[in-house]
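Here is the structure we will look at, set down as structure tokens.
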């Protein structure tokens, strides 16, 4: 029954599942408690522009998505600070403009884009060693930044006004958090794809938040729950020959649903 | 000569082309206990935000202990209206208070910071709740925690935004008792739209509705209040507060 573990691609897939869970635990926690899920959704969709740019320039689309999604995330932050436009509107615009850019970039590159779908809907079974290294490095960066700025992230998430009053550079910290979300998006792209990844980022923390009020425990438990559920989705997708990204998301959704019942 | 806690000279502020504050001039001396009273939308919170350096006035000069507001943040404690943040946030009482000790990036909270935070919790009689998650506190308890967070900064000026709005009348008395203990340690400024209970607790009142109409001893505030509320002071001031006063 567990013969699938012998396959190289399955081993890589399980490692990928663990690596995404680290990003979900650390950054997903802030996304949930700061209530910036839809903004993170916008950043993830904007990352498709980076994927398209990668195609156009002939570089690894995941690598190209790193600077692109960071720029998208920071411009989102800048718009909020400077321009009189509602956050809600800015989210909607970034969401589709990023995707539109990606499509145009792919258009400009003549020829067929064979694995475009895997970036949109994920394909954990085709994760390469290079992808794993990229994910690992990004995870390490995320963990270091979260550790160094844990006080600041907690401050701006809890009470931004008070943070400013005690001299915390809230604009800078908000920007840094958005950049971290952009990096997490890149970690998650290959596993569940741009369109589905916001659920993977948010659900583990949303589940665990019902059971703990300690942010450290929340991050650790979200990482563990994320790894278990993503692996479960992966196994189910393999056994029933279903699309892996969609299966993982549905497993997460079902787990959230069940956790609410248990909590009741 | 000691510095004034707060000085405002010709301060004006507008938001979206609408004048919110107009030519505000006033001074708060050290260890004063001042209530800034006015109707909702009269610019009270804006005034506090200017003192906190969160907003910059269009014109005029603001000095907090002789410094620019942004350079005086370490001398100022702030009690916001507690309704503006998510109570279901994963943070306990002690961590919330510790935030008042923040002093810059890459700087860990020291054991001294922890002691000061704990002392601030003792000051508001909330020490035994220090490990409790904030959503499991009552409104009055949350306010005490937020006062402790402000006190943890060891401020010389404590600004309070509508401290009465979020607590029930029973708690208001204990709030004033608590605040009266702080009077000899720092300058206290609170803003309120509720003339009623405030006036007999504070030393001075400032009446604000875009302009500053009155600033002086609390007992003589009648005319200023009349002007800003556009109705007879008999209705708003004499009835309620004096009765409360007698009850004491």
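Descriptive notes on the structure:
- Segment B:39-63 and segment A:137-192: distance between their alpha carbon centers, rounded to Å: 30
- Relative contact order, percent, chain A [alpha-carbon distance under 8 Å, six or more residues apart]: 31
- Share of pairwise Cα-Cα distances greater than 34 Å in chain B is 16 percent (whole percent).
- Dividing the convex hull volume of the alpha-carbon atoms in the protein assembly as shown by its residue count gives 170 Å³ per residue.
- GNM result for chain A, Cα springs below 10 Å: residue of A:111, A:102, A:92 fluctuating most strongly: A:111
- Rounded to the nearest 0.05, the FRET efficiency derived from the C-beta distance between residue A:8 and residue A:78 at R0 = 51 Å is 0.75.
- The convex hull defined by the C-alpha atoms of segment B:82-145 has an orientation-averaged projected area of 4.5 nm².
- Helix-only [θ]222 nm of chain B, DSSP H runs n ≥ 4, -39500 (n - 2.57) each, per residue, nearest 500: -8500 deg cm²/dmol
- 10 Å binning of all Cα-Cα separations within segment A:211-252, expressed as whole percents from 0 upward: 32, 38, 22, 8
- Size of segment A:65-218: Rg and Dmax of its alpha carbons, in Å, are 17.3, 56.
- Peptide-level mean, for A:165-178, of C-beta atoms on other protein chains within 10 Å: 3
- Equivalent-ellipsoid semi-axes of chain A, from the Cα gyration tensor, Å, largest first: 28, 25, 15
- Most fluctuating residue given options B:194, B:161, B:184, as computed from a GNM of chain B linking Cα atoms under 10 Å: B:184
- Relative to the longest principal axis of the Cα atoms of chain B, the long axis of helix B:111-123 lies at roughly 50 degrees.
- Centre separation in Å (Cα based) which lies between segment A:210-239 and segment A:66-84: 29
- A Förster radius of 45 Å combined with the Cβ-Cβ distance from residue B:71 to residue A:240 puts the calculated FRET efficiency at roughly 0.10.
- Which of A:105, B:33, A:9, A:261 has the fewest Cβ neighbours within 10 Å, and the rest in rising order: A:261, A:9, B:33, A:105
- Taking B:149, B:114, B:101 as the candidate residues, the one with maximal mean-square fluctuation in a Gaussian network model of chain B, Cα springs under 10 Å, is B:114.
- FRET efficiency, residue B:200 to residue B:40 (Cβ-Cβ, R0 25 Å, nearest 0.05): 0.70
- Segment residue B:14-residue B:181, extension gain: residue separation times 0.36 nm, minus the distance between their alpha carbons: 56.5 nm
- Cβ neighbours within 10 Å from other chains - mean over B:97-105: 5
Read-outs throughout are calculated quantities, based only on the coordinates presented, and are distinct from any laboratory measurement. Remember, it's a predicted structure, so these values are computed and weren't measured experimentally. A quick note on method: Cβ atoms are made from the backbone with ideal geometry, for glycine too, and the neighbour counts reach across all protein chains shown.
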